[in-house]
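Working notes, beginning with the structure itself.
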Ligand SMILES: Nc1ncnc2c1ncn2[C@@H]1O[C@H](COP(=O)(O)OP(=O)(O)OP(=O)(O)O)[C@@H](O)[C@H]1O
Ligand SMILES: [Mg+2]
């Protein structure tokens, strides 16, 4: 397999300290995720899905083991922030839009952070909002959007730099069926459009059944279901 196109977890463990005791949450997870493919991680609440996704995306450190993005260490890397902003995207259950910025400015943010020219950033943000059918809301603040609209904006923002991998932790957790379907369509469109890899966790069978592979988190390891 071509390591320049993959996100690899190697023997990941995570131990939390809780109430004076060690809590072994992840017990040695090794898994390769490839670009262009979609993966779901399912499992009961507290099984460690979010913990694993945060480590996979470089937002938290493993207790041992390593994550390789395109063959490069993600955690022990001087360019970690650049790698995260350029190659990885995140979507959370809560949208985390910046409330002081308009919808348009929120969508532009990853481009500006990446040093993309302002005019190009503006043009791409407008194009994405057009694609979402949300151009009319470009100049409003997130507080004036519905929950579904907020989440769609946060998804296009996460995909602004056309990330190689998008990590989505219960992206539809707060959405009704119609908005959830639109959000998932957006994510899967990204997989096709620029060969993005999608790693998603969800409690909703209707959502995770649409992913190419399904893994179950149980006792700190991942087992393949489909
Ligand atoms: N920062 C932390 N400090 C201590 N323990 C933590 C911390 N974060 C998570 N945990 C513990 O790790 C375990 C796994 O949590 P995690 O959030 O990964 O579960 P999850 O599978 O995402 O659950 P859910 O489906 O409810 O989102 C839980 O028992 C939780 O209490
Ligand atoms: Mg979670």
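Values quoted throughout were computed directly from the atomic coordinates according to the rules given, and no laboratory measurement underlies them. All values derive from a computational prediction rather than experimental measurement. Don't worry about glycine lacking a Cβ; one is built from the backbone with ideal geometry, like all the others, and counts go over all protein chains shown.
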222 nm mean residue ellipticity, helices alone, for the chain (DSSP H n ≥ 4; -39,500 (n - 2.57); rounded to 500): -10000 deg cm²/dmol
Angle in degrees between helix 118-131 and the longest Cα principal axis of the chain, rounded to the nearest 10: 90
Helix axis angle, 147-158 relative to the chain longest principal axis, alpha carbon, degrees: 80
Residues listed by number, the range 45-80, amide nitrogen under 12 Å from residue 225 label point at 7 Å toward C-beta: 45
Per-pair calculated FRET efficiency, R0 = 35 Å: residue 203 and residue 112 via Cβ, rounded to 0.05: 0.55
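As an exercise, use a Förster radius of 41 Å and the Cβ-Cβ distance of residue 10 and residue 144 to find the FRET efficiency, rounded to the nearest 0.05.
0.35
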Ranking of 52, 70, 94 by count of other Cβ atoms within 10 Å, fewest first: 94, 70, 52
Extent along principal axes [Cα atoms of the range 94-226; Å; largest to smallest]: 46, 29, 24
Segment residue 192-residue 119, length gained on full extension (0.36 nm per residue, minus Cα span): 23.7 nm
Neighbour-count order for 135, 47, 146, fewest beta carbons within 10 angstrom listed first: 146, 135, 47
Overall form of the range 54-162 per C-alpha gyration tensor (a/c, 1.5; a/b vs b/c): prolate
Relative contact order for the range 1-92, counting Cα pairs under 8 Å that sit 6 or more residues apart, in percent: 33
Taking 80, 205, 152 and counting other C-beta atoms within 10 Å, the order from fewest to most: 205, 80, 152
In degrees, nearest ten, helix 103-113 long axis to first principal axis of the chain (Cα): 60
Compactness of the chain as Cα Rg over 2.2 N^0.38 Å, two decimals: 1.01
